[in-house]
Amino acid sequence: MAMDSATLYKLMILYMLNKVDFPLTNSQISEFFLENEYTNYFSLQESINELCENNFVFSDTVRNTSYYHLTSEGRESLKFFENKIPNAIIDDMDTFLITNKYELRNEVGTVSDYYRVNDGDYIVHCQVNEDASTLIEINLTVPNKESAAKMCAKWKDASQEIYEMVITKLTK
């Protein structure tokens, strides 16, 4: 009996999340599926939503970015059905994850967000994580939402330089 395409997409998502030791964003998962023309955006989103609804995957959302994690139920389900994914698709997923592992990890390991505090100012929270460790974490108070949003937008590109500067200044 042939597997329907929606089930295959779900297994592929579970497989990708199982192969990495960090969450993947919606855009990272979408990049793989859409660049390889496995499905369209709407079918993919439906598969992701069903995985979340059935507790095979859970997501965290930070500043409009969803980060997907595999649950133990998802891992167990994948073990049982992983052999249903065609080898050519597994090869495509493995190649994508190996080729892009540094960029994928860096993208999800560098996070920033902001929130408003009682006095009307905003706290900008910036962080760089590697594996299970936090390399640097900064909280800054700024007077307005525009400044907070601008700082968050620049954090990914500036974080490495800021980290190196802090280490250098503190170890001289």
> Can you tell me which residue in the range 1-51 is nearest to Leu70 (Cα to Cα), limited to those that are in contact with a helix residue (DSSP H, G or I) (Cβ under 7 Å, 6 or more places away or on another chain) and small (Gly, Ala, Ser)?
Replying inline: Ser47
> Out of (1) surrounded by 14 or more Cβ atoms within 10 Å (Cβ to Cβ); (2) polar (S, T, N, Q); (3) over 19 Å from Leu34 (Cβ atoms); (4) within 18 Å of the chain's Cα centre (by Cα), what's the single condition that is false for Ser147?
Replying inline: (4)
> With Leu78, Leu70 as the choices, which residue is under 16 Å from the mean Cα position of the chain (by Cα) and either surrounded by 15 or more Cβ atoms within 10 Å (Cβ to Cβ) or assigned by TED's automatic domain parsing to the domain that holds Gln28 (or both)?
Replying inline: Leu70
>> Just to be sure I understand, how many residues within the range 38-87 are at positive phi and in contact (Cβ under 8 Å) with a residue 60 or more places away in the chain?
In response: 1
>> Given the condition in a helix (DSSP H, G or I) and within 30 Å of Ser147 (Cα to Cα), answer yes or no: does some residue in the range 109-116 qualify?
In response: yes
>> List the residue pairs whose Cβ atoms are under 6 Å apart, where the first residue sits in the range 143-172 and is closer than 10 Å to Val124 by Cα, the second is of a type in the set (Val, Ile, Thr), and the two are 6 or more positions apart or on different chains.
In response: Ala148/Val124; Ala148/Val142; Met151/Val124
> Of all residues in the range 14-36, which are touching a residue at least 40 places away in the same chain (Cβ under 8 Å) and of a type in the set (S, T, N, Q)?
Replying inline: Asn18, Thr25, Asn26, Gln28, Asn36
> Taking the range 49-71, which residues are among the hydrophobic types (A, V, I, L, M, F, W, C) and in contact with a strand residue (DSSP E or B) (Cβ under 7 Å, 6 or more places away or on another chain)?
Replying inline: Leu51, Cys52, Val57, Phe58, Val62, Leu70
> Counting only residues that are among the aliphatic types (A, V, I, L, M) and assigned to a helix (DSSP H, G or I), which one in the range 54-97 is farthest from Cys152 (Cα to Cα)?
Replying inline: Ala88
> Residue check, Asn129 against (1) in a helix (DSSP H, G or I); (2) surrounded by 13 or more Cβ atoms within 10 Å (Cβ to Cβ), all met but one. Which one?
Replying inline: (1)
> If you scan the range 21-64, which residues turn out to be among the aliphatic types (A, V, I, L, M) and surrounded by 17 or more Cβ atoms within 10 Å (Cβ to Cβ)?
Replying inline: Leu24, Ile29, Leu44, Ile48, Leu51, Val57
>> Can you pull out every residue in the range 23-37 that is assigned to a loop (DSSP other than H, G, I, E, B) and closer than 17 Å to Leu78 by Cβ?
In response: Pro23
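The values are calculated or read from the model by the stated rules, or taken from the named source; none is laboratory data. Because the structure is a prediction, the values reported are computed rather than measured. Neighbour counts are summed over all protein chains in view; Cβ atoms, including those assigned to glycine, are modelled from backbone coordinates with ideal geometry.
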